[in-house]
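Worksheet for the structure shown next.
The values are calculated or read from the model by the stated rules, or taken from the named source; none is laboratory data. Given the structure is predicted, the values throughout are model-derived calculations rather than measurements. Please note: Cβ atoms are built from the backbone with ideal geometry, for glycine as well, and neighbour counts cover all protein chains shown. Heavy atoms of the whole protein, side chains included, go into the accessibility calculation; ligands, DNA and RNA do not. Shrake-Rupley method; radii C 1.70, N 1.55, O 1.52, S 1.80 Å.
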Amino acid sequence: ATDKRIVMANPYATDRSHGDTLERCHLGDLFVLDENAEEEFFIKALDDKQTLRLNGKKDDRIYSVSLNAAKDDFGDPYCFICVFMDVSAEANAIKELEIANNAKTEFLTSISHEIRTPINAMLGFNEMIMRDAGDDTIVGYANNADRAGRQLLSIVNGLLDMGQIASGKMSIVPEEYNPAVMLSDVYEMQTVKAGEKELNLSIYADENTPSILIGDALRIRQIITNLVSNAIKYTNEGSVDLIMECGKRDGDNLDLIIKVTDTGIGIKEESIPYLYDTFTRFDKEANKHIEGTGVGLSVTKNLVDMMDGTIDVKSIYGEGTTFTVVLPQKIMDTEPIGKIEDYISRREEVKSESFIAPRASLLVVDDNEMNLSVFSGLVSTIKADVDEALSGAEMLELIKKKKYHIIFLDHMMPEMDGVETLEKMKEDSTHLNTDTPVIVMTANAGVGAKDKYVKMGFDDYLSKPTRSEKLLGLIKSYLADELIDEAEAPETEITTDSEELPEHAFPDVPGIDWKAACMNVPKKEALFDIMGKFCSLADREIAELDDYYMQSMMNGDEDALDLYRIKVHSMKNSAALIGANDLATKAKRLEDAPDKRDFVTINRFHKTFIKEYRTMADNLEAIVLKTSSSDIPIIDDDALKEKLDILEKAMEEFDTMTLNRVMFELSEYSFSSKEVENAAEDLGKAVRDFDTVLFENTMETMRSLIQA
């Protein structure tokens with residue numbers, strides 16, 4: 001009835017009431033339904049049929065309850081019709097399925113984690129074999145094991161992602177990121193795979209894309225990597241194109257468009273609706289030689305959905321495929337990214353044309369001591385003579401005394417910046433470097449950056465943080481041929497071509513992106529040295545920044561405000577250099593504020609920034625520096641003598657396997673003195689080169705050091 005009381009019921013409904021009369025009862029007398037919910041149930045039924053799943057009032061059964069209003073010719077309700085069905089069996093079956101599915105998901109997640117740990121360990125040990133083995137056959141076996149291991153790790157990572165998505169444990173974590181850096185990183189990682197198949201991998205990005213966006217950078221990188229990797233996998237000849245464009249823009253919101261196009265085998269039209277199903281692969285017979293589980297696209301689709309984005313595919317079977325992903329992002333910095341080429345290192349060029357230049361003389365000028373250390377470390381492989389200067393004034397004195405082949409000059413420095421220093425250098429014709437090329441070092445990689453600096457008088461420019469490949473490529477292009485010699489064997493570096501770095505190699509430090517850090521400083525020992533310098537300089541950097549803050553904010557000192565901008569710029573570069581990307585982004589926010597006279601931002605974020613900067617230094621010192629030194633045991637003299645005896649016998653018997661095994665064991669220890677450590681390095685070189693003379697001399701040196 002319209003007063004919401006029951007006036008008629010069939011035998012089933014009466015039976016469900018357990019013998020009670022239903023006449024004049026409310027629905028709430030039959031089902032667990034509070035008064036407000038019951039009222040809303042009737043109101044919605046006036047416009048449309050409503051259905052609820054409810055528990056019975058006097059039993060533990062579950063019912064599907066539908067309510068519909070019967071209306072007269074004028075559209076007014078004259079009664080409500082309620083239909084309910086016992087769905088307890090179905091509900092229990094669904095619950096059991098959910099329990100089973102959750103158990104499967106938990107198992108999948110757990111076993112994926114368990115499998116990853118030994119895989120990473122095996123990859124790490126295998127990397128050491130590739131590094132230390134002197135036998136080409138063993139190195140070949142190790143390379144095959146590395147490829148298989150990384151393929152297995154990729155599969156396990158996909159399973160882990162599926163488990164996290166299914167269990168609801170994967171969440172989107174927005175952060176500030178540079179889309180150009182992300183795109184170029186993926187491109188550089190995938191060039192090796194494309195090269196192995198002789199495919200042309202090209203990259204394009206809209207130059208007007210904002211330089212800083214807010215989104216889940218890790219997951220977006222994963223989406224792009226999955227799509228590019230898939231395109232390479234299913235393309236046997238031709239090309240793969242990676243494209244980034246700007247879509248709809250509304251205030252601070254932007255649609256970021258990522259396209260991946262290939263000339264591969266394509267997808268049949270009837271297969272497209274099932275493309276994102278888990279563990280599904282198509283044309284299995286035709287593609288049986290292609291490795292994979294069918295998890296990648298399913299993970300990609302789920303990630304896109306979690307970001308409220310869209311993914312679309314267009315394909316012509318036998319000709320190629322284009323995937324288009326649209327992701328809504330927020331804009332943090334409207335400055336355009338400029339040319340994507342400026343973000344890509346000259347990896348291929350330097351690897352194929354390695355060189356040394358022992359007769360070359362370089363000068364690097366930067367007010368940041370960490371940047372100077374990194375520069376000298378990066379060019380140490382070419383054995384050039386490098387002088388350092390901490391200011392423009394110091395540089396102007398040095399160029400009067402010595403002739404340099406190239407000068408690298410930082411742009412933003414206190415007192416006299418790079419532009420002013422260059423102007424004074426050109427005004428003076430009495431020094432020894434009137435024709436020396438001067439290359440500016442700057443974090444400004446925006447649209448037309450190179451043209452702008454060339455117009456200012458610089459010969460070229462180098463973006464910061466500096467990548468070794470780009471730096472060495474630039475040096476080689478400006479040195480005369482007679483200064484360049486054939487390269488010696490390269491020193492071991494931490495490779496960043498793969499998507500995963502060995503977990504055992506680096507401790508977990510909040511806020512540190514080890515992949516980014518290794519791209520900037522490829523040698524682990526040098527990277528830890530740079531982090532040590534970051535820690536030792538942190539208190540001084542913070543004190544100076546705080547002093548400039550007090551002078552500018554409290555006393556209205558305009559000069560101090562400019563020095564604040566320069567100092568936080570330097571601290572930003574230091575943070576970016578060691579992979580503290582989030583800290584660097586926060587420094588960028590403070591760096592931009594003085595020019596805009598945005599004192600609100602400075603006052604709001606200054607104290608937070610210096611607190612996080614200090615915390616980063618404390619964490620690095622506690623987790624990285626102390627751990628890296630204290631966790632490595634020192635080998636005692638007796639144990640070292642035993643290993644030297646084994647090495648001596650193995651060298652006499654030409655037993656290279658034993659030689660490499662023992663040297664690997666020694667690499668797990670530190671030594672009682674720097675002299676012994678240096679001798680051990682020479683011993684390693686002798687074993688690698690099978691240099692018997694160096695081996696015998698070094699053995700004699702080590703034994704005398706131990707006995708002393």
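Quick notes on this one:
- For the stretch 1-93, carbon and sulfur atoms together expose 50% of the accessible surface, with a 1.4 angstrom probe and every protein chain in place.
- In this simple spin-label approximation, K49 and M306 carry label points 7 Å from Cα along the Cα→Cβ vector, and these lie 3.8 nm apart.
- Partner lysines whose Cα lies under 24 Å from the Cα of K197, excluding those fewer than 8 positions away in the same chain, are identified as K233, K259, K268, K284, K288, K314, K351.
- Taken per residue, the accessible surface of the stretch 192-262 reaches 43 Å², heavy atoms only and a 1.4 Å probe.
- Stretch gain in nm, segment T334-D636, where the contour uses 0.36 nm per residue and the Cα spacing is subtracted: 102.8 nm
- The alpha carbons of the stretch 352-392 occupy a box of 33, 17, 12 Å along the principal axes, longest dimension given first.
- With the simple spin-label model, which puts each label point 7 Å out from Cα in the Cβ direction, the N92 to D255 separation comes to 5.0 nm.
- Sorted peptide list for 235-243, 375-383, 564-572, criterion being average Cβ within 10 angstrom, highest first: 564-572, 375-383, 235-243
- When the pairs K450/K523; K450/K567; K524/K567; K523/K674; K301/K339; K424/K586 are compared against a 31 Å limit on Cα-Cα distance, K424/K586 fall above it.
- Cross-link partners of K470 among aspartates and glutamates, defined as those whose alpha carbon lies under 13 angstrom from its own and excluding same-chain residues fewer than eight positions apart: E188, E341, D342, E348, E349, E353, D460.
- Surface share of carbon and sulfur [accessible, 1.4 angstrom probe, percent] for the stretch 299-421: 50
- The listed residues Y669, Y234, once ranked by accessible area (1.4 Å probe) with the largest placed first, stand as Y669, Y234.
- Accessible surface, 1.4 Å probe, highest first, among residues F528, F695: F528, F695
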